[in-house]
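The values are calculated or read from the model by the stated rules, or taken from the named source; none is laboratory data. Here the structure is a predicted model, which is why all the values come from computation and not from measurement. Cβ placement follows ideal geometry from the backbone for every residue including glycine, while neighbour counts extend to all protein chains displayed. Note: areas computed on protein heavy atoms with side chains; ligands, DNA, RNA excluded. Shrake-Rupley method; radii C 1.70, N 1.55, O 1.52, S 1.80 Å.
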Amino acid sequence: MPYPLCLLRQRPTSGVRPRENLSDFLLTLPNVGSLSHRSHILLVAYHLRSVGQTHFSTADLSRAFSQGGLPLPPSLGKRLRNLIKGKMAPLVRAEKQRYSLSVIGVQEVQRYLQTVYGLAAARASLEKLGDKLADDSDRQFLAEAIGCVDLGARRATVVMAWLLTVDHLQGFILAHKLADFNQALGGRNDHRGLVIRTKDDFSEIRDDRAFIEILRSARIITRDVQRILDENLGFRNTCAHPTAIAIPENKVVAAIEDLAENVILKYPLR
């Protein structure tokens, strides 16, 4: 499914400028091929504007698509005419048969670029895990977390990174610390009779905070790691539930780096 830029509602920035070469600019954008035709048009128009061509014709835009190595949207002229309609139109008609980005269009692209470049550090931290994850489910969670970063979905990125962390710790327990974990689990009244034998059995521990407490009482994790997990569980809960609280990019990056560097890589499966 192609994604429009307007799905990414982040704070606008005036400091993001694409590179002079359109193809180089597009190569800095993750999964640019997954964006909608509308988004491709706005990105190319924004690039033309950044290099001084504020007005463009259908032919100008078509030429830019070709030079940038981006497939030309079908019915380009009709699409441009549709993009000048409405109070929130991303394009305006500059003169006969020529168009320009409106203020709305400029802000939409800048919000998208701020999201992409602002979460670059989070993506880099996740990518570092790629060669170090042996478990197939870990790899699946990792791919989904990176996909959330690429869409600028901050809340979903945090939630998926947390799921990856929990899944990884479960794999570590099964591989190296099963007896210790089950012994600590057996000492709790809230899970009496539960014995972990497979990863599916962990689903009976429905409270992530209880899972963290068992890890600590079994001495599988240190007090410092417990604190990291507790803090990031609180942040994950904030991201997972509908609230008016803004999720800053720097907090998302810090959470990803914390979980990747101080938890996942600290407990290798092999």
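Projecting the Cα atoms of Leu61, Leu27, Ile205 onto the charge dipole of the chain, computed from C-beta unit charges around the Cα centre, puts Leu61 farthest toward the positive end. Taken per residue, the accessible surface of the chain reaches 51 Å², heavy atoms only and a 1.4 Å probe. Sparsely packed loop sites in the stretch 140-220 (the trypsin sites (Lys or Arg not before Pro) outside DSSP H, G, I, E and B with at most 15 other Cβ atoms within 10 Å) comprise Arg188, Arg192, Arg197, Arg206, Arg219. Using every pair of separate Cα atoms, the Kirkwood estimate puts the hydrodynamic radius of the chain at 21.0 angstrom. Phi angles of the stretch 169-177 translate, via the Karplus equation with coefficients 6.51, -1.76, 1.60 and θ = phi - 60°, into HN-Hα couplings of 5, 4, x, 5, 4, 4, 7, 9, 9 Hz per residue; Gly and Pro are given as x. From the alpha carbon centroid of the stretch 200-270 to that of the stretch 143-157 is 17 Å. Computed over the chain, the per-residue total of -39500 (n - 2.57) for DSSP H runs of n ≥ 4 gives a 222 nm mean residue ellipticity of -16500 deg cm²/dmol, rounded to 500. Between Asn189 and Asp224, the FRET efficiency from the beta-carbon distance, with R0 = 25 Å, is close to 0.35. Any chance you could give the angle, 0 to 90 degrees and rounded to 10, that helix 103-118 forms with the longest Cα principal axis of the chain? Rounded to the nearest ten degrees, it is 30. Modelled spin labels at Ser36 and Thr198, positioned 7 Å past Cα toward Cβ, are 4.3 nm from each other. Taking the longest Cα principal axis of the chain as reference, the axis of helix 58-68 is set at about 40 degrees.
Relative to the Cα centre, the charge distribution of the chain, modelled as +1 at Lys and Arg Cβ and -1 at Asp and Glu Cβ, gives a dipole magnitude of about 1240 debye.
When the chain is fully extended, how far beyond the present Cα-Cα distance does Asp180 get from Ile84, taking 0.36 nm per residue of separation? Mind showing how you got there, number by number?
Details: separation 96, 0.36 × 96 = 34.56 nm, distance 6.47 nm.
Net length gain for the segment: 28.1 nm.
For the stretch 67-150, the residue among Ala89, Leu142, Leu119 whose Cα projects farthest onto the positive side of the dipole built from Cβ charges is Ala89. The spread of Cα positions in the stretch 107-231, taken along each principal axis and listed from longest to shortest, comes to 56, 26, 24 Å.
Packing order of peptides 36-46, 234-244, highest average first: 36-46, 234-244 (average count of other Cβ atoms within 10 Å over each peptide's residues).
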